[in-house]
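The values are calculated or read from the model by the stated rules, or taken from the named source; none is laboratory data. Just so you know, these numbers come straight off a predicted model, no measurement behind them. Glycine gets a Cβ as well: all are built from the backbone with ideal geometry, and neighbour counts include every protein chain shown.
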Amino acid sequence: MAFSQFDRVPNHYAGNLIQRIKDFRLEEGKRSLAPTRLPIGQLEILIPRHFGFCFGVERAIHMAFSALEEHPDRRIHLVSEIIHNPLVNRDLQERGVHFLFDEHGERQVSEAQLGREDVVLIPAFGTTLEIESSLQRSGIDTGAAHFREHYDTTCPFVSKVWDRGEQLGREGYTIIIHGKFGHEETQATHSHTMQHTRTLVVRDREEALALAAFILGQMGEEEFSVCFAEKWSPGFDPRRDLERVAVVNQTTMLAEETQEVADILREAMRQRYGTERLEHHFADTNDTLCYATNWNQNATKALLAARPDLAVVVGGYNSSNTLHLVEICSQQMPSYLIENSGELLSPQELAHFDIHRKERISSEGWLPTALPARIAVTSGASCPDVLMNQVVEKLAEFYGYGEAEISAGLEQLSLVE
Ligand code: SF4
């Protein structure tokens, strides 16, 4: 297997055009958040300063491919999707990796079918203690140092959240996890944190407001139960367990929303217990978003200032960080989430994921017919560069441009100041 220049990700995930843009940014505007302009004839492609594979995803992919190389004679399993990108997951499956759970959480390989000689990889989101125990019953030693080093791809930024939850739990706070309850990372954080304290998962601003209403006595217990539908740790008693709270979050949430959730809860505690005792009732901590979420979201906001005509965001439909990039772009322009260039059906029609209806739809008249045009292209933290590369090439093709114009454009890269 050939790996890229960083010796982490297989070469077939890289894209020449995108690599040229990354190389350019290492030389110029390394510290600036200004997007890069790639002129292709009269078409301008704008690429944000930060996009694509993050540290944790590169590390997970590297560990998975290394396991395949090192153990050609052993069965290799993944607890579930290693990251939320269909190309990468399919690629691993085609190389013989089996998933223990499908995308709906249904078990595909039973405990009895696993043996101690099998290799099991924990995905980048981490996994629950229940699944770790199940693996141990099958003879897989998930506690061993070599397991953590070679087969546990849990991103260190995720385990950092678990540590934070543990520390705050030990200080006596109930942990409010701002995250999507069904998401593997939130499931894992919930499972690890509830070993130390009570936990409750809050999805968004609306749920934070509902929680605040309960804290302030404006909502009854029955309504609380309906609203949070058991998204809490066993034995959770809202009357007892909401006197002291601290917020941690899924690492890929929208930064503003996390801030809003914390602000709503802080204000509820202030109203309920007063300003003097606020620190005792609400742990004022920084968010636990990871660096990649912050970088990608900030770079995407900087892209808006350049006023593109539309945005194409490339990534998995179930990728939380990618969905948030689409949300940011949608504040200002038509924005389309696609998995790959195959969804750019023609200059008139594209297939894409509607983030509000949560389904794949097709849209017509999506591309400006007249030139000059300015299109923003970006990708989520789990998207291989090759997919973004193909999208830029296809967009150029729709305007009648080919290799010659792209090569000329790569010689004229600049920053959008
Ligand atoms: S998005 Fe953040 S937490 Fe998730 S794998 Fe990447 S670096 Fe780790």
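Listed by first and then second residue, the pairs with beta-carbon distance under 6 Å, at least 6 apart or on different chains, first residue in region 103-131 and within 16 Å of residue 82 (Cβ to Cβ), second modelled with pLDDT under 90, are 108/102.
Any idea how many residues of region 161-205 are over 15 Å from the mean Cα position of the chain (by Cα), part of a loop (DSSP other than H, G, I, E, B) and small (Gly, Ala, Ser)? Here the count works out to 1. Of the residues that make up region 48-57, is at least one away from the ligand (no atom under 16 Å from the Cβ) and either buried (at least 21 other Cβ atoms within 10 Å of the Cβ) or under 19 Å from the mean Cα position of the chain (by Cα) (or both)? Taking every residue of region 48-57 in turn, at least one turns out to be away from the ligand (no atom under 16 Å from the Cβ) and either buried (at least 21 other Cβ atoms within 10 Å of the Cβ) or under 19 Å from the mean Cα position of the chain (by Cα) (or both). Among residues of region 148-162 being away from the ligand (no atom under 12 Å from the Cβ) and in contact (Cβ under 8 Å) with a residue 24 or more places away in the chain, the one that is farthest from residue 63 (Cα to Cα) is 152. If you go through region 257-296 and keep only what is loosely packed, with under 14 Cβ neighbours inside 10 Å and touching a residue at least 40 places away in the same chain (Cβ under 8 Å), you end up with 271, 291. The single residue among 135, 87 that is more than 25 Å from the chain's Cα centre (by Cα) and away from the ligand (no atom under 16 Å from the Cβ) turns out to be 135. In the set 285, 252, only one residue is within 16 Å of the ligand (Cβ to nearest atom) and either more than 29 Å from the chain's Cα centre (by Cα) or closer than 23 Å to residue 166 by Cβ (or both); that residue is 252.
Search region 213-235 for residues being in a loop (DSSP other than H, G, I, E, B) and charged (D, E, K, R), and hand back the single one that is modelled with the highest pLDDT.
Result: 231.
Taking the listed residues 78, 46, 17, the one that is in contact with an Asp or Glu (Cβ under 9 Å, 6 or more places away or on another chain) and modelled with pLDDT of 95 or more is 17, with no other qualifying. If we scan region 101-114, do we find a residue that is buried (at least 18 other Cβ atoms within 10 Å of the Cβ), on the phi < 0 side of the Ramachandran plot and within 16 Å of the ligand (Cβ to nearest atom)? So far as region 101-114 goes, no, none of its residues is buried (at least 18 other Cβ atoms within 10 Å of the Cβ), on the phi < 0 side of the Ramachandran plot and within 16 Å of the ligand (Cβ to nearest atom). Inspection of region 218-230 finds no residue satisfying the criterion of being buried (at least 20 other Cβ atoms within 10 Å of the Cβ) and within 30 Å of residue 54 (Cβ to Cβ).
Among the criteria (1) in contact with a Phe, Trp or Tyr (Cβ under 6 Å, 6 or more places away or on another chain); (2) closer than 30 Å to residue 55 by Cβ, the one residue 350 does not fulfil is (2).
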